[in-house]
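K.L.:
Structure incoming, see below.
Derivation of every value follows stated rules applied to the coordinates shown; laboratory data play no part. The structure displayed is predicted, hence computed values, not measured ones. No Cβ is skipped: glycine too gets one built from the backbone with ideal geometry, and neighbour counts run over all protein chains shown.
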Ligand SMILES: Cc1cc2nc3c(=O)[nH]c(=O)nc-3n(C[C@H](O)[C@H](O)[C@H](O)COP(=O)(O)OP(=O)(O)OC[C@H]3O[C@@H](n4cnc5c(N)ncnc54)[C@H](O)[C@@H]3O)c2cc1C
Ligand SMILES: Cc1ncc(C[n+]2csc(CCOP(=O)(O)OP(=O)(O)O)c2C)c(N)n1
Ligand code: SF4
Ligand SMILES: [Mg+2]
């Protein structure tokens, strides 16, 4: 090449100058555990399915959801949503309405008639599941997906456990429950209803089952002796709700008192109002803020006119009236009697003082032990009797639908492992994605979507569902409020903000297009939409600071 | 806030990209086909705001002009770190001028193109604050007065960074530079001095004047896309933090720029023919402390004792900007 005057070298590009050598720290992509996933008792990949839902890929989202939880339309209504309590967005504005999106996906799947993805493996055990509450159903689902044969024995006439005979229809419409139960049964689960297992060892032997899951729940009412005159009408909430759910509700009269402070008490009071009681009063020993009942259900009960009588114990049930003693909280917040009594009008007293297990079916299995009324299990969820496992409300732990579903998933895996003589390897947990690792500047201001509620008049006369679902626009909006804590959300900040162009888009070799814009599936397979070019990255860390979701960290360069 | 009205939840209009946006609504920087006008291997410091700003501006100019841009570049960091002989990081036609005459050089290029009838080619002049506010202001004022068909972009890092952080007419009061020591009762650069070049540009009545920062990419790109097809003199003043000269962490470059606008010290607005026609409102207001305390050039305001008197004076400047430009 001929050079102009005073020029001796050819023109060159700065690409020859590899500035990566300046670096003392390097950025790397990470996956941190979002707090919602961490908190989910069913072990759902909440952030993962929201991510798919954000793009309108509802089927992908639902499939991701049912990898862990086969009943999202159900939990989308009755879950106590620990995920939303843990959600990082609480500290920004309000939690993401995770449950409302879950419900949208669950309802959408029912509407579209989606069925579960096929079997994942070809295991061939023969497993008996005793009890068809959420724990039993979830276990049946996960066992079927693994290929096992599953038989459910259930005392009641229909499947669902407390989902059917405890939680009232105004919170969980039976059409929804039926659809989700049917989808599980349709996987090829053998079901025998009205089949009470009286002796689990005999049942196992008769059916030649390789393993048994005891998912017996806690179907008995906890009883406290209460002095009552002969003509007093006293019954327990579980049988009242069971009667109402089966279409044979006991008639309670004009004025109903419910004794207790949990969800069962509120459900009994709300059901009584719907069945014609003019007044329903909840009598509770402590104060409203100490009630174990879910705050949401409490608000709804108040809106329906349920009255609350705090700091009171029932001293005697009379004829058409109750004698209650006023209580006072002591310094430790514990209620103490005051000796002051009052009379309340009440045609019936419904006791909702807790639920207990019924372990008569394991009486003969002497190596199955229990403590405090619940069955003892080991780390693999097996009882003292080889091959007999237990989960849900019949074992110690949180009593909720989602916990029971999570138990069902875990125990299914353990049963499979036991049958094949393997161990379940505990997956390593990623470090938590805390809010401090996020850059929330980038998230648009977006207040939470409110779910509409049925007007009061219809709530007092029907069992129509009280809380409405989200329409598609709102569900999409709500899903997009998710901040993708700890996972790349393909915002391209690293790609766009690197002063050295040292972040590249990873192109999908098959589709010959950028990965970004995909549904995250490829990413989940280990491919990421962006990659660092360490030839030029100087290690400034702008990408780390400006990554909204905290999915990049700086690591010391090994020299 | 959102310049083009993209109302999109999750990362809204603040992030570079969004996998769910239609391609035409995405920023230039989100596009894997962007021109990368300033490519890798340049010798800017870690986290250089000027390098980032120049790429933002020129990539947007390239897209807005269908790749027909000629650039004249004054002496300064941007020129020095991008073109150590014989290497160049530029992927646009690019010409180095003297420190003070880039406006005149660009005017000449525009005149030559006009004579050739090539009015599809757009001319960009770019300079640091020294090359704009101080030594270059004569040529710039002349260019404005003649209304030459040039887009002049000033990358304002508030000092002469290339020669070792000397004070310029754009250095803010109380900042420590190599020539404004942090000593005495009024440490650092003096209050009441310096020049507001966007205001000077407006006073010339040129078709378009805008301020911007590298912390609001959509806003910056929008302004460049608007300015490129306009005829006559246009001026865009971009705040570009300098980790070395400002004593800020390289990772904080964007954060510092964001704090400058959110506290009101750097008003972001645009003006047509001298009249302010739009401002970017403060989104999450912060006090000047948020901005000052993360920069070493203001560290004497925080240790050994917090100089509330000086910080208050700076806060008053921010408050006055907020009032004058209606930033809230
Ligand atoms: C009124 C009420 C409201 C509730 N509301 C909520 C709520 O809103 N959200 C929430 O998360 N949780 C709620 N819960 C708790 C939740 O319902 C339970 O934690 C959950 O159902 C436990 O699931 P499980 O499968 O262990 O047991 P269960 O749902 O109790 O099911 C056990 C099943 O086993 C059957 N069974 C028992 N013994 C035998 C036997 N020997 N042979 C054959 N079958 C047998 C029973 O008939 C039953 O169908 C509520 C509970 C009640 C009572
Ligand atoms: C006439 C002249 N005087 C002095 C210099 C030395 N010089 C080169 S760059 C520079 C400062 C540049 O400052 P600025 O324009 O703010 O750009 P920055 O380096 O900060 O980006 C100076 C003083 C020169 N090149 N020419
Ligand atoms: S922004 Fe670029 S230069 Fe800075 S650390 Fe990230 S990749 Fe490296
Ligand atoms: Mg400068």
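K.L.:
Partner chain Cβ atoms within 10 Å, averaged over the residues of A:10-22 - can you pull that number for me? Before the final figure, lay out each step's value.
P.N.:
Numbers: counts 1, 4, 6, 9, 14, 6, 3, 7, 2, 6, 2, 0, 3.
Rounded to a whole number, the mean comes out at 5.
K.L.:
Same structure, new question: Using only alpha carbon pairs under 8 Å that are at least six residues apart, calculate the relative contact order of chain B and give it in whole percent.
P.N.:
On the way: 669 pairs, mean separation 54.6, N = 328.
RCO, chain B: 17 percent.
K.L.:
Related question: Per residue of A:438-451, what is the mean number of Cβ atoms on other protein chains within 10 angstrom of that residue's Cβ? It would help to have the intermediate numbers written out before the result.
P.N.:
Details: counts 0, 4, 1, 10, 8, 6, 12, 5, 5, 0, 0, 0, 0, 0.
Average per residue, whole number: 4.
K.L.:
Can you pull the semi-axes for region B:109-151, root of five times each eigenvalue of the Cα gyration tensor, sorted largest first, whole Å?
P.N.:
Values: eigenvalues 102, 24, 9 Å².
Gyration-tensor ellipsoid for region B:109-151: 23, 11, 7 Å.
K.L.:
Among DSSP bridges having both ends in region A:224-354, what percentage is antiparallel? Round to the nearest 5. Let's see the in-between values first.
P.N.:
Numbers: 13 of 29 bridges.
Given both bridge residues lie in region A:224-354, the antiparallel proportion sits at roughly 45 percent.
K.L.:
Another question about this same structure. To one decimal place, what orientation-averaged projected area in nm² is obtained for the convex hull of the Cα set of region A:49-157? Provide the component values of the computation, followed by the final result.
P.N.:
On the way: hull surface 33.2 nm².
With the hull built on Cα positions only, its mean projection is 8.3 nm².
K.L.:
Other chains near A:534-540: what is the mean number of their Cβ atoms within 10 Å of each residue's Cβ? Let's see the in-between values first.
P.N.:
On the way: counts 0, 2, 4, 2, 9, 4, 12.
Taking all residues of A:534-540 together, the mean is 5.
K.L.:
To the nearest 0.05, what FRET efficiency results for residue A:112 and residue A:205 with a Förster distance of 45 Å applied to their C-beta separation? Don't jump to the answer; show the numbers that get you there.
P.N.:
Details: r = 43 Å, r/R0 = 0.95.
Calculated transfer efficiency: 0.55.
K.L.:
Given 20 °C and 1.002 mPa s, compute D for region A:224-354 with the Stokes-Einstein relation, Rh being the Kirkwood radius over Cα pairs; round to the nearest whole µm²/s. Before the final figure, lay out each step's value.
P.N.:
Details: Rh = 14.6 Å.
The estimated diffusion coefficient comes to 147 µm²/s.
K.L.:
Rg to Rh ratio, the protein assembly as shown, alpha-carbon atoms and Kirkwood radius? Present the calculation step by step, with values, prior to reporting the outcome.
P.N.:
Values: Rg = 35.0 Å, Rh = 31.8 Å.
For the protein assembly as shown, the value is 1.10.
K.L.:
Helix A:134-145: angle to the longest alpha-carbon principal axis of chain A, degrees 0 to 90, nearest 10?
P.N.:
Approximately 40 degrees, to the nearest 10.
K.L.:
Mind checking which of B:132, B:280, B:163 has the largest fluctuation in a GNM of chain B, springs on alpha carbons under 10 Å?
P.N.:
Comparing B:132, B:280, B:163 in the GNM, the peak value goes to B:163.
K.L.:
Pop out the Kirkwood hydrodynamic radius of region A:1-54 from its pairwise C-alpha distances, inverse of mean 1/r, in Å to one decimal. Each step should come with its number before you reach the end.
P.N.:
Working: mean 1/r = 0.0590 Å⁻¹.
Every distinct Cα pair counted, the radius reaches 17.0 Å.
K.L.:
Taking Cα pairs under 8 Å and at least six residues apart, what relative contact order does region B:211-269 come out at, in percent? Intermediate values should be presented prior to the final figure.
P.N.:
On the way: 51 pairs, mean separation 25.4, N = 59.
43 percent.
K.L.:
How many angstrom lie between the Cα centre of region A:270-334 and the Cα centre of region B:34-93?
P.N.:
Cα centroid to Cα centroid, the span is 72 Å.
K.L.:
Here is a further query. So for the protein assembly as shown: antiparallel DSSP bridges make up what percent, rounded to the nearest 5? Let's see the in-between values first.
P.N.:
On the way: 39 of 99 bridges.
Within the protein assembly as shown, antiparallel bridges account for around 40 percent of the total.
K.L.:
Give the relative contact order (percent, whole number) for chain A; include only Cα pairs under 8 Å separated by 6+ residues.
P.N.:
Details: 1152 pairs, mean separation 121.7, N = 559.
This gives 22 percent for chain A.
K.L.:
In whole angstrom, how long is each semi-axis of the equivalent ellipsoid of region A:18-112, when you take the square root of 5 times every eigenvalue of its Cα gyration tensor and sort them from largest down? Let's see the in-between values first.
P.N.:
Numbers: eigenvalues 200, 54, 26 Å².
For region A:18-112, the ellipsoid semi-axes come out as 32, 16, 11 Å.
K.L.:
From a point 7 Å beyond the Cα of residue B:163 in the direction of its Cβ, which residues of region B:133-148 have a backbone N at a distance under 19 Å?
P.N.:
Residues B:133-140 qualify, since their backbone N sits under 19 Å from the label point.
K.L.:
Can you give the helix-only mean residue ellipticity at 222 nm for the protein assembly as shown, where every DSSP H stretch with n ≥ 4 adds -39500 (n - 2.57) and the sum goes over all residues, rounded to the nearest 500 deg cm²/dmol?
P.N.:
Working: 29 runs with 265 residues, N = 887.
That comes out to -8500 deg cm²/dmol.
K.L.:
Would you mind getting the Kirkwood hydrodynamic radius of chain B from its Cα pairs, rounded to one decimal in Å? Before the final figure, lay out each step's value.
P.N.:
Details: mean 1/r = 0.0501 Å⁻¹.
For chain B, inverting the mean 1/r across all distinct Cα pairs yields 19.9 Å.
K.L.:
Something else about it: Does region B:156-215 come out rounded, prolate or oblate, given a ≥ b ≥ c as the square roots of the eigenvalues of its C-alpha gyration tensor, rounded meaning a/c under 1.5 and, failing that, prolate meaning a/b above b/c? List each step's numbers first, then the result.
P.N.:
On the way: a/c = 2.74, a/b = 1.91, b/c = 1.43.
Prolate shape, in that a/c is at least 1.5 and a/b is the bigger ratio.
K.L.:
At 0.36 nm per residue, minus the direct Cα-Cα distance, what do residue A:251 and residue A:196 gain on full extension? Give it in nm, one decimal, please.
P.N.:
In short, 17.0 nm is gained.
K.L.:
Compute the acute angle (0 to 90°) between the alpha-carbon long axis of helix B:137-146 and the principal axis of greatest extent of the alpha-carbon atoms of chain B; round to the nearest 10°.
P.N.:
The answer is roughly 40 degrees.
K.L.:
Hey, fewest Cβ within 10 Å first, where do B:221, B:87 land in order? Walk me through the intermediate numbers first.
P.N.:
Working: B:221 23, B:87 18.
The fewest-first ordering by Cβ neighbours comes to B:87, B:221.
K.L.:
As I understand it, the value is the acute angle between the Cα axis of helix B:217-227 and the longest principal axis of the Cα atoms of chain B; what does it come to in degrees, rounded to 10?
P.N.:
So the helix axis and the longest Cα principal axis differ by about 50 degrees.
K.L.:
Let me ask something else about it. Once Rh is set to the Kirkwood radius over Cα pairs, what Stokes-Einstein translational diffusion coefficient, in µm²/s, holds for region B:44-185 at a temperature of 4 °C and a viscosity of 1.567 mPa s?
P.N.:
Working: Rh = 15.8 Å.
Approximately 82 µm²/s, per Stokes-Einstein.
K.L.:
Quick check: pseudo-label points 7 Å beyond the Cα along Cα→Cβ at residue B:230 and residue A:278, how many nm apart are they?
P.N.:
7.6 nm
K.L.:
Using only C-alpha positions, report the orientation-averaged shadow area of the convex hull of region A:304-410, nm², one decimal.
P.N.:
Details: hull surface 44.7 nm².
Result: a mean projected hull area of 11.2 nm².
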